[in-house]
Amino acid sequence: MQTLLNNRYQVIQTLGGGGFGETFLAEDTQMPSKRRCVIKQLKPIQNNPQIYQLVQERFQREAAILEDLGGATDQIPSLYAYFQSEGQFYVVQELIEGQTLTAKMQQQGLFSESAVREILVNLLPVLEYIHTKRIIHRDIKPDNIILRDRDQKPVLIDFGAVRETMGTVFNSQGNPTSSIVIGTPGYMPSEQAMGRPVFSSDIYSLGMTAIYLLTGIQPPQLETDPRTGEIIWSQHALNVSPTFAGVIDHAIAYHPRDRFASAREMLQALQIGANTFPPTQPYQPPQVAPTQQTISVSPAASHQQNTIPVSPAPSHQPPNPHPPNNEQKGVLIASLIAGGLIGGAIVIGFALNNNKQPQPVAQSTISANDSATIRNQPQETATPITTIPSPRVTDYSPTPTPSLQSYPSTPTPIDRPSPEQAVQNYYANINQGQFQNSWNLLTPSFQNNRKLHPNGYVSYIDWWGNRVQSVYVKQVNLVQANAETATVNAQLEYTLKTGKVVSSSVNFLLLWDADNRRWVVADAK
(Lines give C-alpha, C1' and ligand atoms only; values in the text may rest on other atoms or scores of the structure.)
Protein backbone atom coordinates (compact mmCIF):
# COMPACT_ATOMS: atom_id res chain seq x y z
CA MET A 1 0.00 0.00 0.00
CA GLN A 2 1.49 3.30 -1.13
CA THR A 3 -0.98 5.70 0.50
CA LEU A 4 0.69 8.78 2.03
CA LEU A 5 -1.52 10.57 4.54
CA ASN A 6 -1.05 14.26 5.25
CA ASN A 7 2.07 14.12 3.04
CA ARG A 8 3.85 12.48 5.95
CA TYR A 9 2.49 9.13 7.10
CA GLN A 10 3.18 6.16 4.86
CA VAL A 11 0.48 3.53 5.35
CA ILE A 12 1.93 0.03 5.69
CA GLN A 13 -1.21 -2.00 6.25
CA THR A 14 -4.83 -1.78 7.36
CA LEU A 15 -5.33 -3.03 10.90
CA GLY A 16 -9.10 -2.89 11.01
CA GLY A 17 -12.23 -1.09 9.95
CA GLY A 18 -15.81 -0.40 10.90
CA GLY A 19 -18.67 2.04 10.67
CA PHE A 20 -16.55 4.93 11.89
CA GLY A 21 -13.61 4.49 9.52
CA GLU A 22 -10.40 2.50 9.39
CA THR A 23 -7.23 1.97 11.43
CA PHE A 24 -3.81 1.81 9.78
CA LEU A 25 -0.27 0.91 10.69
CA ALA A 26 1.99 3.62 9.25
CA GLU A 27 5.51 5.07 9.26
CA ASP A 28 6.28 8.70 9.99
CA THR A 29 8.43 9.68 6.99
CA GLN A 30 9.45 12.96 8.62
CA MET A 31 11.13 11.27 11.57
CA PRO A 32 14.72 10.01 11.21
CA SER A 33 13.76 6.69 12.78
CA LYS A 34 10.73 6.23 10.46
CA ARG A 35 8.82 5.75 13.68
CA ARG A 36 5.84 3.47 13.32
CA CYS A 37 2.47 4.64 14.57
CA VAL A 38 -1.25 3.87 14.51
CA ILE A 39 -3.53 6.16 12.50
CA LYS A 40 -7.27 6.15 13.03
CA GLN A 41 -9.42 7.54 10.27
CA LEU A 42 -12.82 8.79 11.41
CA LYS A 43 -15.69 10.18 9.41
CA PRO A 44 -18.96 11.82 10.47
CA ILE A 45 -22.02 9.68 9.88
CA GLN A 46 -23.92 12.60 8.28
CA ASN A 47 -22.76 14.75 5.38
CA ASN A 48 -24.12 18.05 6.68
CA PRO A 49 -22.05 21.29 6.69
CA GLN A 50 -23.51 22.43 10.00
CA ILE A 51 -22.82 19.07 11.63
CA TYR A 52 -19.35 18.96 10.09
CA GLN A 53 -18.43 22.24 11.77
CA LEU A 54 -19.73 20.98 15.11
CA VAL A 55 -17.88 17.67 14.73
CA GLN A 56 -14.71 19.57 13.88
CA GLU A 57 -14.90 21.57 17.10
CA ARG A 58 -15.60 18.49 19.20
CA PHE A 59 -12.87 16.49 17.47
CA GLN A 60 -10.28 19.11 18.38
CA ARG A 61 -11.45 19.06 21.97
CA GLU A 62 -11.32 15.27 22.18
CA ALA A 63 -7.88 15.19 20.58
CA ALA A 64 -6.61 17.60 23.24
CA ILE A 65 -7.99 15.26 25.90
CA LEU A 66 -6.20 12.29 24.35
CA GLU A 67 -2.96 14.27 24.30
CA ASP A 68 -3.37 15.12 27.97
CA LEU A 69 -4.14 11.54 28.99
CA GLY A 70 -1.33 9.96 26.99
CA GLY A 71 1.18 12.46 28.36
CA ALA A 72 0.33 11.62 31.98
CA THR A 73 0.71 7.83 31.93
CA ASP A 74 2.51 5.33 29.74
CA GLN A 75 -0.49 2.98 29.97
CA ILE A 76 -2.45 5.12 27.52
CA PRO A 77 -0.99 5.58 24.02
CA SER A 78 0.58 8.99 23.37
CA LEU A 79 -1.08 11.23 20.80
CA TYR A 80 1.46 12.26 18.16
CA ALA A 81 -0.76 14.35 15.90
CA TYR A 82 -4.26 14.91 14.52
CA PHE A 83 -5.40 16.37 11.22
CA GLN A 84 -8.27 16.63 8.75
CA SER A 85 -8.24 15.64 5.09
CA GLU A 86 -11.00 15.42 2.47
CA GLY A 87 -13.78 15.66 5.03
CA GLN A 88 -12.35 12.98 7.29
CA PHE A 89 -10.56 13.19 10.63
CA TYR A 90 -7.36 11.42 11.67
CA VAL A 91 -5.57 10.80 14.96
CA VAL A 92 -1.97 9.58 15.02
CA GLN A 93 -1.06 7.61 18.13
CA GLU A 94 1.80 5.64 19.62
CA LEU A 95 2.08 2.04 18.44
CA ILE A 96 1.94 -0.34 21.42
CA GLU A 97 3.97 -3.47 20.75
CA GLY A 98 2.14 -6.35 22.38
CA GLN A 99 -0.95 -8.54 22.35
CA THR A 100 -4.52 -7.72 23.18
CA LEU A 101 -6.04 -9.78 25.98
CA THR A 102 -8.20 -11.48 23.36
CA ALA A 103 -5.13 -12.57 21.39
CA LYS A 104 -3.36 -13.66 24.57
CA MET A 105 -6.37 -15.77 25.56
CA GLN A 106 -6.44 -17.45 22.15
CA GLN A 107 -2.73 -18.19 22.47
CA GLN A 108 -2.46 -19.46 26.04
CA GLY A 109 -5.96 -20.28 27.21
CA LEU A 110 -7.56 -19.20 30.48
CA PHE A 111 -5.81 -16.72 32.77
CA SER A 112 -5.10 -17.64 36.39
CA GLU A 113 -6.60 -15.67 39.25
CA SER A 114 -3.20 -14.17 40.08
CA ALA A 115 -2.69 -13.07 36.45
CA VAL A 116 -6.11 -11.40 36.30
CA ARG A 117 -5.53 -9.77 39.68
CA GLU A 118 -2.24 -8.34 38.42
CA ILE A 119 -3.93 -6.91 35.33
CA LEU A 120 -6.64 -5.28 37.45
CA VAL A 121 -4.19 -3.88 39.98
CA ASN A 122 -2.19 -2.30 37.14
CA LEU A 123 -5.21 -0.92 35.29
CA LEU A 124 -7.31 0.47 38.13
CA PRO A 125 -4.95 3.41 38.90
CA VAL A 126 -5.13 4.34 35.21
CA LEU A 127 -8.91 4.17 35.34
CA GLU A 128 -8.93 6.25 38.52
CA TYR A 129 -6.85 8.92 36.78
CA ILE A 130 -9.15 8.95 33.75
CA HIS A 131 -12.19 9.40 35.97
CA THR A 132 -10.61 12.28 37.89
CA LYS A 133 -10.45 14.01 34.49
CA ARG A 134 -14.23 13.48 34.20
CA ILE A 135 -13.72 11.06 31.31
CA ILE A 136 -15.50 7.73 30.85
CA HIS A 137 -13.73 5.28 28.56
CA ARG A 138 -16.96 3.50 27.56
CA ASP A 139 -15.44 0.58 25.68
CA ILE A 140 -13.25 -1.42 28.07
CA LYS A 141 -13.00 -5.00 26.80
CA PRO A 142 -10.28 -7.58 26.05
CA ASP A 143 -9.76 -6.17 22.55
CA ASN A 144 -8.98 -2.73 23.96
CA ILE A 145 -6.37 -3.80 26.53
CA ILE A 146 -2.89 -4.61 25.24
CA LEU A 147 -0.27 -6.45 27.28
CA ARG A 148 2.87 -4.58 26.31
CA ASP A 149 5.77 -6.82 25.24
CA ARG A 150 8.54 -4.97 27.05
CA ASP A 151 7.07 -5.09 30.54
CA GLN A 152 3.72 -6.98 30.28
CA LYS A 153 1.87 -3.94 31.61
CA PRO A 154 -1.73 -3.53 30.41
CA VAL A 155 -2.28 -0.51 28.15
CA LEU A 156 -5.78 0.93 27.65
CA ILE A 157 -6.61 1.90 24.06
CA ASP A 158 -9.48 3.15 21.89
CA PHE A 159 -11.42 5.66 23.98
CA GLY A 160 -15.02 5.99 22.87
CA ALA A 161 -15.40 9.78 23.04
CA VAL A 162 -13.91 10.50 19.59
CA ARG A 163 -16.14 7.87 17.98
CA GLU A 164 -19.17 9.33 19.70
CA THR A 165 -18.28 12.74 18.28
CA MET A 166 -18.50 11.26 14.78
CA GLY A 167 -22.08 10.19 15.54
CA THR A 168 -23.28 13.75 16.16
CA VAL A 169 -26.68 14.58 14.64
CA PHE A 170 -29.47 17.07 15.30
CA ASN A 171 -32.54 15.84 17.12
CA SER A 172 -36.14 16.85 16.41
CA GLN A 173 -35.70 20.00 18.50
CA GLY A 174 -32.70 21.04 16.42
CA ASN A 175 -30.19 20.36 19.20
CA PRO A 176 -26.96 18.41 18.64
CA THR A 177 -26.91 14.93 20.12
CA SER A 178 -25.24 11.61 19.52
CA SER A 179 -27.10 9.07 17.42
CA ILE A 180 -25.00 6.14 18.59
CA VAL A 181 -24.24 4.26 21.79
CA ILE A 182 -20.56 3.60 22.37
CA GLY A 183 -19.76 0.24 23.92
CA THR A 184 -19.77 -3.49 23.27
CA PRO A 185 -22.80 -5.67 24.09
CA GLY A 186 -22.12 -7.84 27.10
CA TYR A 187 -19.26 -5.67 28.33
CA MET A 188 -21.32 -2.53 28.88
CA PRO A 189 -23.94 -2.26 31.64
CA SER A 190 -27.60 -1.46 31.15
CA GLU A 191 -27.34 2.27 31.90
CA GLN A 192 -24.65 2.65 29.24
CA ALA A 193 -26.74 0.75 26.73
CA MET A 194 -29.43 3.37 27.34
CA GLY A 195 -26.95 6.14 26.58
CA ARG A 196 -26.35 7.21 30.18
CA PRO A 197 -22.90 5.91 31.17
CA VAL A 198 -21.41 6.74 34.58
CA PHE A 199 -17.94 6.19 35.99
CA SER A 200 -18.88 2.83 37.46
CA SER A 201 -19.89 1.73 33.94
CA ASP A 202 -16.15 1.39 33.24
CA ILE A 203 -15.75 -0.64 36.44
CA TYR A 204 -18.51 -2.97 35.24
CA SER A 205 -16.76 -3.42 31.88
CA LEU A 206 -13.48 -4.17 33.61
CA GLY A 207 -15.20 -6.77 35.80
CA MET A 208 -16.75 -8.45 32.77
CA THR A 209 -13.33 -8.47 31.11
CA ALA A 210 -11.94 -10.27 34.16
CA ILE A 211 -14.72 -12.87 33.95
CA TYR A 212 -13.91 -13.55 30.30
CA LEU A 213 -10.24 -14.06 31.14
CA LEU A 214 -11.11 -16.45 33.98
CA THR A 215 -13.80 -18.47 32.17
CA GLY A 216 -13.21 -18.02 28.44
CA ILE A 217 -16.93 -17.32 28.08
CA GLN A 218 -18.09 -14.17 26.30
CA PRO A 219 -20.49 -12.12 28.48
CA PRO A 220 -23.58 -12.53 26.25
CA GLN A 221 -23.30 -16.30 26.77
CA LEU A 222 -23.50 -16.06 30.57
CA GLU A 223 -26.77 -16.54 32.41
CA THR A 224 -28.37 -13.77 34.45
CA ASP A 225 -30.58 -13.98 37.50
CA PRO A 226 -34.10 -13.25 36.17
CA ARG A 227 -35.08 -11.56 39.43
CA THR A 228 -32.09 -9.26 39.92
CA GLY A 229 -30.34 -9.08 36.56
CA GLU A 230 -27.05 -10.12 38.17
CA ILE A 231 -24.55 -12.10 36.08
CA ILE A 232 -24.16 -15.79 37.08
CA TRP A 233 -20.57 -16.78 36.37
CA SER A 234 -18.71 -18.21 39.36
CA GLN A 235 -19.67 -21.83 38.63
CA HIS A 236 -17.53 -21.54 35.49
CA ALA A 237 -14.46 -20.53 37.53
CA LEU A 238 -14.29 -22.97 40.44
CA ASN A 239 -10.60 -22.29 41.10
CA VAL A 240 -11.25 -18.63 41.89
CA SER A 241 -11.12 -17.73 45.59
CA PRO A 242 -14.33 -16.48 47.25
CA THR A 243 -12.67 -13.17 48.09
CA PHE A 244 -11.66 -12.46 44.51
CA ALA A 245 -15.04 -13.60 43.20
CA GLY A 246 -16.69 -11.24 45.69
CA VAL A 247 -14.70 -8.30 44.33
CA ILE A 248 -15.74 -9.15 40.78
CA ASP A 249 -19.38 -9.57 41.84
CA HIS A 250 -19.29 -6.13 43.41
CA ALA A 251 -17.80 -4.63 40.24
CA ILE A 252 -20.49 -6.09 37.95
CA ALA A 253 -23.55 -5.39 40.10
CA TYR A 254 -26.58 -4.62 37.95
CA HIS A 255 -27.30 -1.24 39.51
CA PRO A 256 -24.52 1.40 39.55
CA ARG A 257 -25.19 2.23 43.22
CA ASP A 258 -24.31 -1.37 44.16
CA ARG A 259 -20.89 -1.28 42.47
CA PHE A 260 -17.63 0.12 43.77
CA ALA A 261 -17.91 3.87 44.06
CA SER A 262 -14.54 4.35 42.37
CA ALA A 263 -11.67 2.50 40.77
CA ARG A 264 -9.63 3.29 43.88
CA GLU A 265 -12.18 1.50 46.07
CA MET A 266 -12.00 -1.59 43.87
CA LEU A 267 -8.21 -1.48 44.02
CA GLN A 268 -8.34 -1.33 47.82
CA ALA A 269 -10.67 -4.35 47.86
CA LEU A 270 -8.18 -6.34 45.80
CA GLN A 271 -5.27 -5.28 47.97
CA ILE A 272 -7.01 -6.04 51.26
CA GLY A 273 -8.15 -9.39 49.88
CA ALA A 274 -4.52 -10.19 49.12
CA ASN A 275 -3.42 -9.00 52.56
CA THR A 276 -1.12 -6.44 51.01
CA PHE A 277 -2.12 -3.53 53.20
CA PRO A 278 0.75 -1.91 55.16
CA PRO A 279 1.53 -3.03 58.71
CA THR A 280 -0.04 -1.35 61.70
CA GLN A 281 0.50 -1.35 65.44
CA PRO A 282 0.28 -5.00 66.57
CA TYR A 283 -2.26 -5.99 69.18
CA GLN A 284 -0.72 -7.01 72.50
CA PRO A 285 -2.73 -9.91 73.97
CA PRO A 286 -3.24 -10.30 77.72
CA GLN A 287 -0.47 -12.13 79.56
CA VAL A 288 -1.57 -15.66 80.36
CA ALA A 289 0.14 -18.75 81.64
CA PRO A 290 1.62 -21.02 78.94
CA THR A 291 -0.77 -23.83 79.90
CA GLN A 292 -4.09 -24.51 78.24
CA GLN A 293 -7.12 -22.73 79.64
CA THR A 294 -10.83 -23.28 79.14
CA ILE A 295 -12.33 -19.99 77.95
CA SER A 296 -15.98 -19.23 77.46
CA VAL A 297 -16.89 -18.21 73.96
CA SER A 298 -20.57 -17.62 74.57
CA PRO A 299 -21.68 -14.07 73.78
CA ALA A 300 -23.88 -14.17 76.87
CA ALA A 301 -21.06 -13.44 79.31
CA SER A 302 -22.15 -10.66 81.64
CA HIS A 303 -19.06 -8.56 80.94
CA GLN A 304 -19.24 -8.91 77.13
CA GLN A 305 -21.04 -6.47 74.87
CA ASN A 306 -23.69 -7.47 72.35
CA THR A 307 -22.14 -8.68 69.12
CA ILE A 308 -23.04 -8.54 65.45
CA PRO A 309 -23.23 -11.91 63.67
CA VAL A 310 -23.61 -10.81 60.08
CA SER A 311 -20.64 -8.46 59.70
CA PRO A 312 -17.14 -7.95 61.08
CA ALA A 313 -16.70 -5.37 63.79
CA PRO A 314 -13.59 -3.80 65.31
CA SER A 315 -12.49 -5.34 68.59
CA HIS A 316 -11.45 -3.53 71.73
CA GLN A 317 -7.84 -2.32 71.63
CA PRO A 318 -5.71 -1.32 74.62
CA PRO A 319 -4.73 2.37 74.68
CA ASN A 320 -1.86 3.04 72.28
CA PRO A 321 0.74 5.55 73.42
CA HIS A 322 1.50 6.20 69.73
CA PRO A 323 -1.86 6.83 68.02
CA PRO A 324 -1.89 6.02 64.29
CA ASN A 325 -2.28 8.77 61.75
CA ASN A 326 -5.45 9.13 59.66
CA GLU A 327 -4.15 6.90 56.89
CA GLN A 328 -3.30 4.15 59.34
CA LYS A 329 -6.66 4.21 61.13
CA GLY A 330 -8.56 2.41 58.38
CA VAL A 331 -5.75 -0.11 58.10
CA LEU A 332 -5.77 -0.67 61.84
CA ILE A 333 -9.49 -1.45 61.79
CA ALA A 334 -9.06 -3.84 58.89
CA SER A 335 -6.20 -5.54 60.73
CA LEU A 336 -8.33 -5.99 63.83
CA ILE A 337 -11.11 -7.48 61.77
CA ALA A 338 -8.66 -9.91 60.23
CA GLY A 339 -7.69 -11.15 63.68
CA GLY A 340 -11.08 -12.78 64.22
CA LEU A 341 -13.90 -11.85 66.61
CA ILE A 342 -14.45 -15.15 68.33
CA GLY A 343 -16.90 -14.47 71.16
CA GLY A 344 -19.93 -14.55 68.90
CA ALA A 345 -19.08 -11.36 67.07
CA ILE A 346 -19.20 -13.05 63.68
CA VAL A 347 -21.57 -15.77 62.54
CA ILE A 348 -19.80 -18.33 60.41
CA GLY A 349 -21.83 -21.31 59.04
CA PHE A 350 -25.00 -22.70 57.62
CA ALA A 351 -27.07 -25.85 57.97
CA LEU A 352 -30.39 -26.49 59.66
CA ASN A 353 -31.01 -29.32 62.08
CA ASN A 354 -34.08 -28.95 64.27
CA ASN A 355 -33.21 -32.17 66.12
CA LYS A 356 -30.18 -30.57 67.74
CA GLN A 357 -30.89 -28.54 70.84
CA PRO A 358 -28.95 -25.33 71.47
CA GLN A 359 -26.47 -25.51 74.30
CA PRO A 360 -26.63 -22.68 76.86
CA VAL A 361 -22.84 -22.63 77.11
CA ALA A 362 -20.23 -23.12 74.40
CA GLN A 363 -16.65 -23.65 75.52
CA SER A 364 -13.42 -23.87 73.56
CA THR A 365 -10.02 -25.00 74.78
CA ILE A 366 -7.19 -22.93 73.32
CA SER A 367 -3.50 -22.51 73.94
CA ALA A 368 -1.73 -19.35 75.06
CA ASN A 369 -0.54 -18.77 71.52
CA ASP A 370 -4.09 -18.96 70.18
CA SER A 371 -5.33 -16.51 72.77
CA ALA A 372 -3.89 -13.66 70.74
CA THR A 373 -6.67 -14.13 68.20
CA ILE A 374 -9.48 -13.70 70.73
CA ARG A 375 -9.19 -9.95 70.74
CA ASN A 376 -12.52 -9.02 72.20
CA GLN A 377 -12.16 -11.28 75.20
CA PRO A 378 -11.46 -9.47 78.52
CA GLN A 379 -8.34 -10.45 80.43
CA GLU A 380 -10.20 -12.06 83.26
CA THR A 381 -11.50 -14.78 80.93
CA ALA A 382 -8.14 -16.56 81.30
CA THR A 383 -9.70 -18.01 84.47
CA PRO A 384 -11.65 -21.21 83.76
CA ILE A 385 -15.40 -20.63 83.56
CA THR A 386 -17.67 -23.57 84.05
CA THR A 387 -21.17 -22.25 83.42
CA ILE A 388 -22.92 -19.17 82.08
CA PRO A 389 -26.68 -18.59 81.93
CA SER A 390 -28.38 -18.75 78.56
CA PRO A 391 -28.64 -15.35 76.88
CA ARG A 392 -31.88 -13.41 77.01
CA VAL A 393 -33.54 -12.58 73.76
CA THR A 394 -33.85 -8.91 72.90
CA ASP A 395 -37.33 -8.38 71.47
CA TYR A 396 -37.84 -5.40 69.19
CA SER A 397 -41.53 -5.15 70.03
CA PRO A 398 -42.70 -2.60 72.70
CA THR A 399 -42.95 -5.32 75.36
CA PRO A 400 -39.63 -6.94 76.35
CA THR A 401 -39.43 -10.68 75.78
CA PRO A 402 -38.58 -12.40 79.07
CA SER A 403 -36.95 -15.60 77.79
CA LEU A 404 -35.65 -17.53 74.84
CA GLN A 405 -38.79 -19.09 73.40
CA SER A 406 -41.06 -18.64 70.42
CA TYR A 407 -44.07 -16.36 70.67
CA PRO A 408 -47.20 -16.36 68.51
CA SER A 409 -46.64 -14.24 65.45
CA THR A 410 -48.96 -11.94 63.60
CA PRO A 411 -50.35 -13.79 60.59
CA THR A 412 -48.57 -12.92 57.36
CA PRO A 413 -49.59 -13.54 53.76
CA ILE A 414 -49.23 -17.15 52.70
CA ASP A 415 -46.94 -16.33 49.77
CA ARG A 416 -44.42 -14.48 51.95
CA PRO A 417 -41.16 -16.24 52.76
CA SER A 418 -40.84 -16.90 56.47
CA PRO A 419 -38.45 -14.77 58.58
CA GLU A 420 -36.74 -17.99 59.70
CA GLN A 421 -36.08 -18.96 56.09
CA ALA A 422 -34.65 -15.49 55.44
CA VAL A 423 -31.98 -16.06 58.10
CA GLN A 424 -31.21 -19.47 56.66
CA ASN A 425 -30.91 -17.99 53.15
CA TYR A 426 -28.52 -15.32 54.38
CA TYR A 427 -26.02 -17.91 55.59
CA ALA A 428 -26.65 -20.15 52.59
CA ASN A 429 -25.38 -17.32 50.38
CA ILE A 430 -22.29 -16.90 52.56
CA ASN A 431 -21.56 -20.62 52.56
CA GLN A 432 -21.76 -20.68 48.78
CA GLY A 433 -19.42 -17.69 48.44
CA GLN A 434 -22.24 -15.47 47.12
CA PHE A 435 -21.11 -12.46 49.15
CA GLN A 436 -22.78 -9.90 46.92
CA ASN A 437 -26.13 -11.62 47.49
CA SER A 438 -25.69 -11.79 51.26
CA TRP A 439 -24.51 -8.15 51.35
CA ASN A 440 -27.68 -7.14 49.48
CA LEU A 441 -29.75 -8.81 52.21
CA LEU A 442 -28.57 -6.11 54.67
CA THR A 443 -30.41 -2.80 54.88
CA PRO A 444 -28.48 0.26 53.61
CA SER A 445 -28.20 1.63 57.15
CA PHE A 446 -26.67 -1.65 58.31
CA GLN A 447 -24.30 -1.66 55.34
CA ASN A 448 -23.26 1.92 56.09
CA ASN A 449 -22.56 1.28 59.77
CA ARG A 450 -18.87 2.23 59.82
CA LYS A 451 -18.35 0.66 63.21
CA LEU A 452 -19.21 -2.71 61.68
CA HIS A 453 -17.98 -2.06 58.14
CA PRO A 454 -15.16 0.50 58.38
CA ASN A 455 -14.38 0.00 54.69
CA GLY A 456 -17.88 -0.92 53.60
CA TYR A 457 -18.14 -3.98 51.39
CA VAL A 458 -14.35 -4.32 51.43
CA SER A 459 -14.40 -5.17 55.15
CA TYR A 460 -17.33 -7.50 54.62
CA ILE A 461 -15.75 -9.67 51.95
CA ASP A 462 -12.36 -9.58 53.61
CA TRP A 463 -13.89 -11.26 56.65
CA TRP A 464 -16.15 -13.75 54.93
CA GLY A 465 -13.71 -14.58 52.16
CA ASN A 466 -10.51 -14.93 54.20
CA ARG A 467 -11.45 -15.79 57.78
CA VAL A 468 -14.63 -17.83 57.71
CA GLN A 469 -14.89 -21.50 56.73
CA SER A 470 -18.58 -22.33 57.22
CA VAL A 471 -21.73 -21.61 59.20
CA TYR A 472 -23.96 -24.20 60.83
CA VAL A 473 -27.45 -23.05 61.82
CA LYS A 474 -28.52 -25.41 64.56
CA GLN A 475 -31.95 -23.96 65.26
CA VAL A 476 -34.06 -20.96 64.23
CA ASN A 477 -37.01 -19.68 66.28
CA LEU A 478 -39.47 -16.91 65.43
CA VAL A 479 -39.72 -14.64 68.46
CA GLN A 480 -42.11 -11.98 67.19
CA ALA A 481 -43.50 -10.84 63.84
CA ASN A 482 -45.98 -8.47 62.29
CA ALA A 483 -46.61 -7.20 58.78
CA GLU A 484 -43.45 -5.05 58.70
CA THR A 485 -40.93 -6.47 61.19
CA ALA A 486 -39.85 -9.75 62.68
CA THR A 487 -37.48 -10.89 65.39
CA VAL A 488 -35.76 -14.23 64.91
CA ASN A 489 -33.40 -16.05 67.24
CA ALA A 490 -30.80 -18.33 65.72
CA GLN A 491 -28.57 -20.84 67.46
CA LEU A 492 -25.36 -20.86 65.44
CA GLU A 493 -22.10 -22.72 65.27
CA TYR A 494 -19.18 -20.93 63.62
CA THR A 495 -16.17 -22.63 62.07
CA LEU A 496 -13.18 -20.41 61.38
CA LYS A 497 -10.49 -21.26 58.87
CA THR A 498 -8.15 -21.70 61.83
CA GLY A 499 -10.21 -24.76 62.76
CA LYS A 500 -11.85 -23.24 65.84
CA VAL A 501 -15.56 -23.94 66.34
CA VAL A 502 -17.61 -21.42 68.32
CA SER A 503 -21.33 -21.37 69.24
CA SER A 504 -23.55 -18.36 69.78
CA SER A 505 -27.15 -17.26 70.13
CA VAL A 506 -28.09 -14.29 67.93
CA ASN A 507 -31.23 -12.18 67.60
CA PHE A 508 -32.03 -10.73 64.17
CA LEU A 509 -34.28 -7.75 63.52
CA LEU A 510 -35.78 -8.19 60.05
CA LEU A 511 -37.70 -5.67 57.96
CA TRP A 512 -40.09 -6.58 55.16
CA ASP A 513 -38.89 -5.27 51.79
CA ALA A 514 -42.19 -5.02 49.92
CA ASP A 515 -40.64 -3.99 46.60
CA ASN A 516 -38.51 -7.15 46.41
CA ARG A 517 -40.84 -9.33 48.52
CA ARG A 518 -38.16 -10.44 50.94
CA TRP A 519 -36.97 -9.96 54.50
CA VAL A 520 -33.78 -7.96 55.00
CA VAL A 521 -31.52 -7.75 58.06
CA ALA A 522 -31.73 -4.40 59.86
CA ASP A 523 -29.87 -5.35 63.06
CA ALA A 524 -28.41 -8.32 64.88
CA LYS A 525 -27.36 -8.73 68.48
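Does Y460 qualify as being in a strand (DSSP E or B), farther than 18 Å from P419 by Cβ and in the same structural domain as N437 (by TED's automatic domain parsing)? Full working, then the answer.
Values: in a strand (DSSP E or B): no; farther than 18 Å from P419 by Cβ: yes; in the same structural domain as N437 (by TED's automatic domain parsing): yes.
Considered against the rule, which asks whether it is in a strand (DSSP E or B), farther than 18 Å from P419 by Cβ and in the same structural domain as N437 (by TED's automatic domain parsing), Y460 comes out as no.
It is to be established whether one or more residues within the range 99-121 are surrounded by 15 or more Cβ atoms within 10 Å (Cβ to Cβ), touching a strand residue (DSSP E or B) at 6+ places or on another chain (Cβ under 8 Å), of a type outside the set (S, T, Y) and over 20 Å from M208 (Cβ atoms).
no
Which members of the range 23-64 meet the condition of being in contact with a Leu (Cβ under 7 Å, 6 or more places away or on another chain) and in a helix (DSSP H, G or I)?
A63
Condition check ((1) surrounded by 12 or more Cβ atoms within 10 Å (Cβ to Cβ); (2) touching a residue at least 40 places away in the same chain (Cβ under 8 Å)) across all residues:
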position	(1), (2)
G17	no, no
Q30	no, no
Q41	yes, yes
I45	yes, yes
I51	yes, yes
Q56	yes, no
A63	yes, yes
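In the range 463-496, what residues are of a type in the set (D, E, K, R) and either assigned by TED's automatic domain parsing to the domain that holds A269 or within 30 Å of A263 (Cα to Cα) (or both)?
Residues of the range 463-496 that are of a type in the set (D, E, K, R), as a first pass: 467, 474, 484, 493.
Scanning the range 463-496 gives a single hit, R467.
Table: residues versus (1) acidic (D, E); (2) crowded, with 21+ Cβ neighbours inside 10 Å; (3) within 25 Å of the chain's Cα centre (by Cα); (4) not in a loop (DSSP other than H, G, I, E, B).
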{"site": "A486", "(1), (2), (3), (4)": "no, yes, no, yes"}
{"site": "T498", "(1), (2), (3), (4)": "no, no, no, no"}
{"site": "S504", "(1), (2), (3), (4)": "no, yes, no, yes"}
{"site": "N507", "(1), (2), (3), (4)": "no, yes, no, yes"}
{"site": "A522", "(1), (2), (3), (4)": "no, no, yes, yes"}
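Inspect the range 397-419 for any residue being within 16 Å of V520 (Cα to Cα) and modelled with pLDDT of 90 or more and give the result as yes or no.
Yes.
Hey, among the residues in the range 439-479 that are closer than 23 Å to K500 by Cβ and under 13 Å from the mean Cα position of the chain (by Cα), which one's surrounded by the most Cβ atoms within 10 Å (Cβ to Cβ)?
I461
Taking the stated definitions as given, is F83 among the hydrophobic types (A, V, I, L, M, F, W, C), under 23 Å from the mean Cα position of the chain (by Cα) and outside any helix (DSSP H, G or I)?
Details: among the hydrophobic types (A, V, I, L, M, F, W, C): yes; under 23 Å from the mean Cα position of the chain (by Cα): no; outside any helix (DSSP H, G or I): yes.
No, not satisfied.
Taking the range 415-440, which residues are assigned to a loop (DSSP other than H, G, I, E, B) and under 27 Å from N239 (Cβ atoms)?
Within the range 415-440, the first condition is being assigned to a loop (DSSP other than H, G, I, E, B), and the residues that meet it are 415-418, 432-434.
Of everything in the range 415-440, those that are assigned to a loop (DSSP other than H, G, I, E, B) and under 27 Å from N239 (Cβ atoms) turn out to be Q432, G433, Q434.
Could you say whether any residue in the range 86-99 is outside the structural domain of D139 (by TED's automatic domain parsing), hydroxyl-bearing (S, T, Y) and not in a helix (DSSP H, G or I)?
There is at least one residue in the range 86-99 that is outside the structural domain of D139 (by TED's automatic domain parsing), hydroxyl-bearing (S, T, Y) and not in a helix (DSSP H, G or I).
When you go through (1) within 19 Å of L222 (Cβ to Cβ); (2) modelled with pLDDT of 95 or more one by one for S200, which number turns out not to apply?
Single failed check for S200: (1).
Would you say Q93 is modelled with pLDDT of 85 or more, crowded, with 16+ Cβ neighbours inside 10 Å and closer than 13 Å to M166 by Cα?
On the way: modelled with pLDDT of 85 or more: yes; crowded, with 16+ Cβ neighbours inside 10 Å: yes; closer than 13 Å to M166 by Cα: no.
The answer is no for Q93.
Which of (1) of a type in the set (D, E); (2) within 19 Å of D149 (Cα to Cα); (3) more than 34 Å from the chain's Cα centre (by Cα) is the odd one out, the single condition E94 does not satisfy?
It is condition (3) that E94 fails.
Tally time: how many residues in the range 84-111 are without any contact (Cβ under 8 Å) to a residue 12 or more places away in the chain and more than 18 Å from D158 (Cβ to Cβ)? Show your work before the answer.
At the first step, the residues of the range 84-111 found to be without any contact (Cβ under 8 Å) to a residue 12 or more places away in the chain are 86, 103, 106-108.
Then drop every residue that is not more than 18 Å from D158 (Cβ to Cβ), which leaves 86, 106-108.
So the answer is 4.
The values are calculated or read from the model by the stated rules, or taken from the named source; none is laboratory data. For clarity, every value in this text was computed on a predicted model and none was experimentally measured. Here Cβ is always computed from backbone atoms with ideal geometry, including for glycine, and neighbour counts include all displayed protein chains.
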